[in-house]
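The structure appears right after this line, and notes come after that.
The values are calculated or read from the model by the stated rules, or taken from the named source; none is laboratory data. Fair warning: this is a prediction, and the values are worked out from it, not measured in the lab. Cβ coordinates were reconstructed from backbone atoms using ideal geometry, including for glycine residues, and neighbour counts include every protein chain displayed.
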Amino acid sequence: MHPAPLPGLSIDGRTARITLRDAARRNALDARALAVLRESIERVARDGDGGVVDLLVIAGEGSAFCSGFDLAGCAEEPVRVEELLRGLSACVRALRMLDIPVVARVQGAALAGGCALLTGCDFVIAAEDAQLGYPTHRIGISPAISIPSLFSRMGAAARALLVSNDIVDGRTALARGLATHCVTSDALDAEVDALCTRLLAKGPQAMRATKRWIREIEERGAGDLGPVAPRDGAAMEAARDASIALASGDEFATMLRAFWASRAQAR
């Protein structure tokens, strides 16, 4: 059995592109994929600091952007999810630390961990028929890992999405603030290209300064600028640990195996 294809990084002029390439599994994330994804983001950060790269696009090959974690591996050994949660949290934090604009191109499923990746991006361009959300309660795990970064994107609307575990289409994601753009599937690439062209026409140093200032404001508590919910490293670590604690229990192992068994019977 050949190992699953890993995320790829390419740089074209001032634009970096990270592509999830495991289309056969709808770009499900295992520990190797998350490690390579984090390394790719960190490479982009170094090139961005050096003024080589001014923009990052994240995309997925095939029918889906990212369907979440590799549940087949977790069903065999539920303890594996701890490593995946740590890897996902590190990737989202690395995305949010980038000083260059980050654009996500979303088709098909962007679920659970795949949706969490979007919260590290500045722009989310979703196809109208995309499916976004956190259907995690059905396998006994909490989406707590996304709370700090999701509230940064959606504000109070994040509460209903997280608690309900609803899956929403691109239009609804746009209306609720989860996506920033919504187009037909046929227009997805053209919209991504048009946005990238507009962003690259702006002053790259001004863009970097703006992102650093946004991040500084988000990481403040109550101060001269008023109360702001902290979304710093400590908050994200606490959210990660809350998800890990629940995933270490019997409920997760039991519900995940039952869910995966029902999937197998349906095939």
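Checking GLY73, GLY62, GLY48 one by one, the residue that is touching a residue at least 12 places away in the same chain (Cβ under 8 Å) and in a loop (DSSP other than H, G, I, E, B) is GLY62 and no other. Within the set ARG38, ARG17, ARG43, ARG32, the sole residue that is basic (Lys, Arg), over 21 Å from ILE214 (Cβ atoms), modelled with pLDDT of 95 or more and in a strand (DSSP E or B) turns out to be ARG17. Pairs are defined by a Cβ separation below 6 Å, a sequence spacing of at least 6 or placement on different chains, a first member in region 140-155 that is outside any helix (DSSP H, G or I), and a second member that is of a type in the set (S, T, N, Q); the pairs so defined are SER142/SER243; PRO143/THR136. Filtered by the rule that a residue be surrounded by fewer than 19 Cβ atoms within 10 Å (Cβ to Cβ) and either at positive phi or touching a helix residue (DSSP H, G or I) at 6+ places or on another chain (Cβ under 7 Å) (or both), region 155-180 gives GLY155, ALA157, ASN165, ARG176, GLY177.
Among the residues making up region 186-212, a single one is loosely packed, with under 14 Cβ neighbours inside 10 Å, of a type in the set (S, T, N, Q) and farther than 14 Å from GLY51 by Cα: THR197. All conditions in (1) under 22 Å from ALA35 (Cα atoms); (2) in a loop (DSSP other than H, G, I, E, B); (3) among the small types (Gly, Ala, Ser) hold for ALA94, with the sole exception of (2). For region 155-180, the set of residues classified as modelled with pLDDT under 90 and closer than 21 Å to MET97 by Cα consists of GLY155 only.
Restricting attention to region 51-97, the residues that are charged (D, E, K, R), surrounded by fewer than 21 Cβ atoms within 10 Å (Cβ to Cβ) and at pLDDT 90 or above total 4. Please name all residue pairs, on different chains or six or more residues apart, with Cβ atoms under 6 Å, provided the first residue is in region 10-35 and is closer than 27 Å to ASP193 by Cβ and the second residue is at pLDDT 95 or above and among the basic types (Lys, Arg). Going by the 6 Å Cβ cut-off, the qualifying pairs are SER10/ARG17.
Restricted to region 1-22, and to residues there that are aliphatic (A, V, I, L, M) and loosely packed, with under 15 Cβ neighbours inside 10 Å, the residue that is nearest to the chain's Cα centre (by Cα) is ILE11.
Selection over region 32-50 of residues that are in contact with a Pro (Cβ under 7 Å, 6 or more places away or on another chain) and either surrounded by 21 or more Cβ atoms within 10 Å (Cβ to Cβ) or more than 25 Å from GLY113 (Cα to Cα) (or both) gives a count of 3. A single entry from VAL124, VAL103 fulfils the requirement of being crowded, with 23+ Cβ neighbours inside 10 Å, at pLDDT 95 or above and touching a His at 6+ places or on another chain (Cβ under 8 Å): VAL124. One residue stands out in region 213-245 among those that are of a type in the set (Asp, Glu) and either under 14 Å from SER152 (Cα atoms) or at pLDDT below 80 (or both): the one that is surrounded by the most Cβ atoms within 10 Å (Cβ to Cβ), namely GLU218. All of LEU95, LEU111, LEU85 fail the test of being within 10 Å of the chain's Cα centre (by Cα) and more than 18 Å from SER152 (Cβ to Cβ), apart from LEU111. Quick check on region 158-172. Is at least one of its residues outside any helix (DSSP H, G or I) and among the small types (Gly, Ala, Ser)? No, because not a single residue in region 158-172 is outside any helix (DSSP H, G or I) and among the small types (Gly, Ala, Ser).
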